[in-house]
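The values are calculated or read from the model by the stated rules, or taken from the named source; none is laboratory data. The structure displayed is predicted, hence computed values, not measured ones. For neighbour counting, all protein chains shown are included, and Cβ atoms are generated from backbone atoms with ideal geometry for every residue, glycine included.
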Amino acid sequence: MRFPRTSGILLHPTSLPGPHGSGDLGVEARHFVDWLVAAGQSLWQMLPLGGIGPGNSPYMSSSAFAGNVLMIDLLELQHQGWLTAADVAPVAGLRDDKLDFAAVVPYRMERLARAAERFGSAATAAQRADYLRFCDAQANWLPDYALFMALCESHGWRDWCEWEAGLATRQPAALAAARLQHAERIAFWTFCQWCFFRQWAELKAYANQRRIQIVGDAPIFIAYMSAEVWANQKLFELDSDGRPTVVAGVPPDFFSATGQRWGNPLYRWSEHAHDGYAWWVERIRRTFELVDIVRIDHFRGFAAYWEIPASEPTAMKGQWVPAPGEAMFKAVAKALGPMPIIAEDLGVITPDVDALRKKFGFPGMRILQFAFAGDASDRFLPHNHEPDTVVYTGTHDNDTVAGWWAKASDQERHFARGYLDTDGHDIPWTMIRAAMMSVADTAVHPMQDVLALPTECRMNYPGQESGWWRWRFRWAEVQPWHAGRLAELCRLYAR
């Protein structure tokens with residue numbers, strides 16, 4: 001599907017300003033939408049909207065369908081009457097320059113618990129009716145998710161395969177008893193999802209009304225400690241005890257000499273094929289209920305994926321295994337029709353990956369930071385771009401442009417100076433201009449590059465398990481000329 005010629009900003013909601021230690025779905029998100037409009041932008045790209053997992057990564061969520069409860073706007077809960085002014089008063093330890101998960105998680109979770117308790121005792125008839133409508137609309141995943149989260153808490157977050165046999169293997173009697181035993185916490189997690197989806201719908205409507213489309217992110221793999229793996233064990237490569245036999249990752253690459261061992265369980269594709277890829281159809285359908293455009297992370301895994309024995313500590317001893325991407329996407333297209341999907345075609349890209357992407361008309365990605373390590377034939381260089389692509393200065397996995405430039409080799413700098421006709425003094429904006437000039441239909445710029453921020457502000461470093469996903473900006477860093485300059489580039493290059 002060809003996209004219109006547009007431009008957008010990559011910024012996860014947690015990176016927004018705000019008084020409660022982390023960006024959320026509240027007033028600052030609407031302020032950012034207004035800023036996008038002033039900057040002539042058409043897209044707001046985000047990372048996955050699900051909850052965080054190991055290393056605080058949004059790519060290791062406890063559910064493929066649930067929203068991140070840490071993004072719930074506490075001030076809106078106060079407006080509803082479920083929190084008091086004292087409840088939402090900031091406390092020591094909540095920083096405005098970065099997300100301190102150790103402080104933010106307990107602060108927000110405690111207040112969500114207070115709000116859930118007050119909702120339970122004081123909800124109006126209209127609020128309760130809306131809550132029940134939500135539960136009914138999400139009935140194919142929400143009960144399993146809420147029970148899973150309650151059981152995780154009661155078992156100290158041990159792997160679900162270590163729970164009592166009746167729960168680990170989902171025996172009906174054990175599940176029924178658990179629903180009674182943990183009814184209060186199940187209600188809490190259900191309430192949180194209702195709040196997230198309600199607030200998200202309002203934010204998305206606000207953006208869409210101002211002609212800003214949301215670009216979401218769907219990781220190809222999901223976490224082992226997730227409601228979906230627990231509830232659909234036959235769809236994953238697990239042994240008789242429920243443990244993964246093989247796990248996901250990528251071989252040695254630009255980011256790691258030993259590869260990246262992500263540890264997600266791999267799909268048992270034969271089972272997905274048996275029921276017409278119904279789980280995937282539902283997953284993508286639900287994702288499109290939240291966002292306007294979906295970026296599928298690690299798209300190459302639908303052509304072939306790197307299979308690592310679960311016993312291996314690194315990703316070095318793996319093998320490429322063919323995947324049924326064509327059959328899966330045909331099933332999804334038959335059920336859902338044409339889909340505005342961006343294929344993250346980075347890493348080891350072979351002809352079969354390009355063929356799969358082009359067969360379904362999914363735009364690929366071009367990263368300018370990768371463009372200057374070779375010669376003029378490099379596919380990431382703007383003169384080699386194609387219209388059905390999305391060009392980025394960098395992604396959430398890259399350094400900031402300023403940080404990349406500071407570490408670039410002499411060869412890369414020499415090539416970039418000549419190619420971009422620059423001395424490097426304003427390299428982030430030089431790269432943004434190059435992206436805007438590209439024939440690629442879509443150009444996306446991380447907010448860090450708009451603000452010309454250094455390495456310390458990068459969002460993630462693949463292969464490093466902790467210390468990331470923390471960056472936040474402050475409105476004092478954003479000057480009127482930032483929006484004006486972006487808007488002028490959009491005018492000049494018809495975006």
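Residue-by-condition table, conditions (1) closer than 20 Å to residue 148 by Cα; (2) crowded, with 17+ Cβ neighbours inside 10 Å; (3) among the small types (Gly, Ala, Ser):
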position	(1), (2), (3)
46	no, yes, no
51	yes, yes, yes
58	yes, yes, no
64	yes, yes, yes
67	yes, yes, yes
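Sort out which residues of the stretch 106-129 are buried (at least 17 other Cβ atoms within 10 Å of the Cβ), among the aliphatic types (A, V, I, L, M) and part of a helix (DSSP H, G or I), and write them in order of number.
112, 115, 116
State whether one or more residues within the stretch 430-447 are part of a loop (DSSP other than H, G, I, E, B), more than 26 Å from residue 59 (Cα to Cα) and among the aliphatic types (A, V, I, L, M).
yes
Which one of 275, 253 is of a type in the set (D, E, K, R) and modelled with pLDDT under 95?
Values: 275 fails: modelled with pLDDT under 95.
253 is the lone residue from the list that is of a type in the set (D, E, K, R) and modelled with pLDDT under 95.
For the stretch 453-495, how many residues are farther than 26 Å from residue 347 by Cα and either in contact with a strand residue (DSSP E or B) (Cβ under 7 Å, 6 or more places away or on another chain) or not β-branched (Val, Ile, Thr) (or both)?
Narrowing the stretch 453-495 to residues farther than 26 Å from residue 347 by Cα: 472-495.
Now narrow it down to the ones that are either in contact with a strand residue (DSSP E or B) (Cβ under 7 Å, 6 or more places away or on another chain) or not β-branched (Val, Ile, Thr) (or both): 472-477, 479-495.
The number of residues fulfilling the criteria is 23.
Can you pull out the strands (runs of 3 or more DSSP E) entirely within the stretch 264-381 that have at least 3 residues that are hydrophobic (A, V, I, L, M, F, W, C) and closer than 26 Å to residue 395 by Cα?
Working: elements: 293-297, 304-309, 319-322, 341-343, 364-367.
So the answer is 293-297, 304-309, 341-343.
Take residue 139 and decide whether it is outside any helix (DSSP H, G or I), within 30 Å of the chain's Cα centre (by Cα) and loosely packed, with under 13 Cβ neighbours inside 10 Å. Full working, then the answer.
Details: outside any helix (DSSP H, G or I): yes; within 30 Å of the chain's Cα centre (by Cα): yes; loosely packed, with under 13 Cβ neighbours inside 10 Å: yes.
Against the criterion (outside any helix (DSSP H, G or I), within 30 Å of the chain's Cα centre (by Cα) and loosely packed, with under 13 Cβ neighbours inside 10 Å), residue 139 qualifies.
Return only the number of the condition from (1) assigned to a loop (DSSP other than H, G, I, E, B); (2) farther than 30 Å from residue 2 by Cα that residue 261 does not satisfy.
(1)
Would you pick out the residues in the stretch 382-429 that are of a type in the set (S, T, N, Q), under 28 Å from residue 219 (Cα atoms) and in a loop (DSSP other than H, G, I, E, B)? Step through it out loud before you land on a result.
Step one: of the stretch 382-429, the residues of a type in the set (S, T, N, Q) are 384, 389, 393, 395, 398, 400, 409, 411, 422.
From the residues that got through so far, the ones that are under 28 Å from residue 219 (Cα atoms) too are 384, 389, 393, 395, 398, 400.
The answer is 393, 395, 398, 400.
Show the residue pairs meeting these rules: Cβ distance below 9 Å; 6+ apart or different chains; first residue within the stretch 191-204 and closer than 18 Å to residue 147 by Cβ; second residue modelled with pLDDT of 95 or more and β-branched (Val, Ile, Thr).
192/69; 192/72; 193/69; 196/69; 196/72
Is it the case that some residue within the stretch 471-481 is within 23 Å of residue 366 (Cβ to Cβ) and either assigned to a loop (DSSP other than H, G, I, E, B) or among the aliphatic types (A, V, I, L, M) (or both)?
Our first condition is that a residue be within 23 Å of residue 366 (Cβ to Cβ); within the stretch 471-481, this holds for none.
No, the stretch 471-481 contains no residue that is within 23 Å of residue 366 (Cβ to Cβ) and either assigned to a loop (DSSP other than H, G, I, E, B) or among the aliphatic types (A, V, I, L, M) (or both).
Which members of the stretch 18-63 meet the condition of being within 19 Å of residue 198 (Cβ to Cβ) and aliphatic (A, V, I, L, M)?
Hits for the stretch 18-63 are 25, 27, 29, 33, 46, 49.
Just checking, does the stretch 52-70 include any residue being over 16 Å from residue 99 (Cα atoms), part of a loop (DSSP other than H, G, I, E, B), free of Cβ contacts under 8 Å to residues at least 60 places away in the same chain and touching a Gly at 6+ places or on another chain (Cβ under 7 Å)? Steps first, please.
Initial filter on the stretch 52-70 (over 16 Å from residue 99 (Cα atoms)): 59-67.
In the following step, the residues that additionally are part of a loop (DSSP other than H, G, I, E, B) were identified as 59-67.
Right, trim to free of Cβ contacts under 8 Å to residues at least 60 places away in the same chain and you get none.
No.
Each row is one residue, and each column tells you yes or no for (1) under 21 Å from residue 7 (Cβ atoms); (2) surrounded by fewer than 24 Cβ atoms within 10 Å (Cβ to Cβ).
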| site | (1), (2) |
| --- | --- |
| 365 | yes, yes |
| 372 | no, yes |
| 391 | yes, no |
| 395 | yes, yes |
| 415 | no, yes |
| 422 | yes, yes |
| 425 | no, yes |
| 434 | yes, yes |
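In the stretch 142-159, what residues are part of a helix (DSSP H, G or I) and not hydroxyl-bearing (Ser, Thr, Tyr)? Talk me through it step by step, then tell me what you get.
First, the residues of the stretch 142-159 that are part of a helix (DSSP H, G or I): 142-154.
Those that are part of a helix (DSSP H, G or I) and not hydroxyl-bearing (Ser, Thr, Tyr): 142, 143, 144, 146, 147, 148, 149, 150, 151, 152, 153.
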